[in-house]
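Quick notes on the structure that follows.
The values are calculated or read from the model by the stated rules, or taken from the named source; none is laboratory data. Please read all numbers here as calculations on a predicted model, not as lab measurements. All Cβ positions, glycine included, derive from the backbone under ideal geometry; neighbour counts span all protein chains shown. Protein only, heavy atoms only, side chains kept; ligands, DNA and RNA dropped before computing areas. Shrake-Rupley method; radii C 1.70, N 1.55, O 1.52, S 1.80 Å.
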Amino acid sequence: MNEGVTLNEVMNDGKSIHLYFNGLVGLYVSYGISAFLLSKQTDVSPSYSQEMQMPVAVINVGHFNQLKQQLEVTKMVNNYYCLRPTVEYDENEYADWVGRIREEKGID
């Protein structure tokens, strides 16, 4: 799955929120630009995945179901959803956001 996540985020032009359901913890997880857009779209507590080398944000199933009603679902396969955000993506704002998260987490 890690390769698919990385590819989705490398190819993300700021017009997609990729979410992956993690059944072990019962949460939807987003990474990279998707996590950033998710944080602009709804309330999340972002963190940073050192394994994935990108920001991460999670939402619970109830929160996801609400979000799914508000945004267009552009793709759905098994435990993966792609949603179309209604917020704009700004590369500089994303870089600042990542920097703040890394600083808060004490990551160089």
Report every pair of residues separated by at least 6 positions or lying on different chains whose Cβ atoms are under 9 Å apart, first residue within the stretch 28-57 and on the phi > 0 side of the Ramachandran plot, second part of a loop (DSSP other than H, G, I, E, B) and of a type in the set (Phe, Trp, Tyr).
none
Restricting attention to the stretch 7-20, the residues that are free of Cβ contacts under 8 Å to residues at least 60 places away in the same chain and either at positive phi or open to solvent by 60 Å² or more (accessible area, probe 1.4 Å) (or both) number exactly 3
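Check whether at least one residue in the stretch 25-36 is among the small types (Gly, Ala, Ser) and more than 15 Å from residue 89 (Cβ to Cβ), and report yes or no.
yes
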Identify, from the list 98, 44, 58, 77, the residue that is within 14 Å of the chain's Cα centre (by Cα) and open to solvent by 30 Å² or more (accessible area, probe 1.4 Å).
58
